[in-house]
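These notes concern the structure reproduced below.
Just so it is clear, none of the values below were taken in a lab; they were calculated from the coordinates. Just so it is clear, the structure is predicted and the values come from calculations on it, not from any experiment. A quick note on method: Cβ atoms are made from the backbone with ideal geometry, for glycine too, and the neighbour counts reach across all protein chains shown.
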């Protein structure tokens, strides 16, 4: 973040005005609308306001414009939304990216005009080119390297904004930073961290350990916490705290020799830092590494693995980022960069890492044609969560799952509630667990979350606090709420609506709390926003939710409670549907120490369809061994538990076997050499006529 150049390459054909030293100190620049923070929500706010016919200045504290959308995140999370509702500038941005590739004769593996759940991917330099062209064409003046110093207030009105390079005036301001910097400087109420369960009645709040415990000692010989383990005191289960979910970089990687740049060697590498991962691997654990998403140009987007026990996220190191100054953020940025380089070095060189894993990552490097100004390393840290305004309305779990409709919608959000880790805890029983993960909460049978309105009141400060500021990114919501809102597609459409509202307030000379919603709605629709909750097509069969009683199912049903268990299986009920109220998992150990044996007899000889109940997810094991024995006959199956269940079903067929009556049959499921969570819920046997 520090040491970034203040002028991007001329080859991008962009317009960025960078003013150095004291040349701006003598004058105050003014515009109708000033947007602080060029995040995706920020550049969309600036473009939208400019298209409403007002003058706009976009201020960016760093030298990088575009946030993570141009800084490494190249895999659009809109594949987990109801795409027909994520329109406006987000859709235009993707159509322009698609046209950029098409003009160069490159065929993308998706069609933006088709609103399915295909994965929309792109390269960072293409995202930058498109973003800067849209800003230039809208007439937005972009000033980078402007770090907020202070604001001058006249009662509840921001009169002037001061940066390290000068003073600025506007009729309306938009705080589009991930951190809520302008909001905090204007003394608008805010919070940070996690609420307790009781504060908003949120079942997903408080402490969460859905990944299970790793069978490793989190302490060294002197009783001190190992590096990468953050605490041995996680706090009360139902209580909140000041922690935010982990930050990381989105790496742009390639294995193509002509475009591959070796990953820089980390300075002062200390292998002892990775002792916890070394112990985890020695225990048989395999859930570590980097999630890799294929991109155009034979590249990969490397992301922190939400289901992994150890990944690109430096757990705990992001706390304090929002509250500190630019120098403090530069320091935290460098700490995350150092960890990223060290983690890659560990994965590719440490003898504790299996040969196949080392080889998988060693073939990759940074991309020669990306981020040349920063040594090909991403210039943007992925700030998943910062301050959150306490505004006129607070979006919580209830608004997402139970009461989605609002009278003043400015956007429709539908990304699943989904949080990365917040802390890594060592326990006295020689175990360690990642805490804070919320695995994606989707509508059963669908690839997306629940659709709900973002109300205008959630981006507006309380009356009397500030009357000319809108906050579309660090908006008013709970930690559970931001866990759904926090993705860039959603922030882009909220940012667009904030820009339109800012322009309307500037034109009419009104405070943002006094805007006429019908007028605002008219302008939102004119710019292509979708404000109606979607009517979803019926699933082929009625989707099953909650717990299903095994006694209500046909055939022979063997619930996990009927199995003879070996090893430390963990009980969970987080994912639904499940059979008889819960299921077991192996904590992604993959060490072969856990088995589940079902014994039964079939009433009639013949062929049987074997079906398995499990909750499909990318973190599940892809090769779960299942052995079926009947007398002297043995059948071996391998089950991919990342594979989706048939729509509306709780089971998936995994094979057909012939069984003899009068002989004891056994089904044995284990976690031998598995590479993710093994789920043990139920087995169903259906006779085949």
Projected-area mean, region 547-687, by convex hull of Cα positions, square nanometres: 7.6 nm²
Could you please rank 106, 471, 425, placing first whichever residue has the fewest other Cβ atoms within 10 Å of its Cβ? 106, 425, 471
Does anyone have the angle between helix 488-508 and the longest principal axis of the chain? Alpha-carbon axes, 0 to 90°, nearest 10? 30 degrees
Cα centroid separation, region 556-574 to region 108-149 (Å): 48 Å
Cα centroid of region 633-668 to Cα centroid of region 356-375, whole Å: 41 Å
Radius of gyration, Dmax [region 280-365; alpha carbons; angstrom]: 14.8, 43
Report Rg(Cα)/(2.2 N^0.38 Å) for region 188-278, keeping two decimals. 1.56
So if I take the centroid of the Cα atoms in region 308-343 and the same for region 153-228, what is the distance between those two points in Å? 14 Å
Got a sec? How would 93, 491 order by Cβ neighbour count within 10 Å, fewest to most? 93, 491
May I ask for the angle, rounded to the nearest 10°, between helix 88-103 and the longest principal axis of the chain, with both axes built from Cα atoms and the value confined to 0 to 90°? 80 degrees
Let me know the Kirkwood hydrodynamic radius for region 236-386, please, with Cα pairs as the basis and the value in Å to one decimal. 16.5 Å
Rounded if a/c is under 1.5, else prolate if a/b beats b/c, else oblate: with a ≥ b ≥ c from the C-alpha gyration tensor eigenvalues square-rooted, which is region 455-532? oblate
For region 87-210, the Cα gyration tensor yields equivalent-ellipsoid semi-axes (√(5λ), largest first, whole Å) of 35, 28, 12
So what's the chain giving for Cα Rg divided by 2.2 N^0.38 Å, two decimals? 1.00
Where N is the number of residues in region 269-320, Cα Rg divided by 2.2 N^0.38 Å: 1.37
Just the Kirkwood number for region 611-689, please: inverse of mean 1/r across all distinct Cα pairs, in Å, one decimal. 13.3 Å
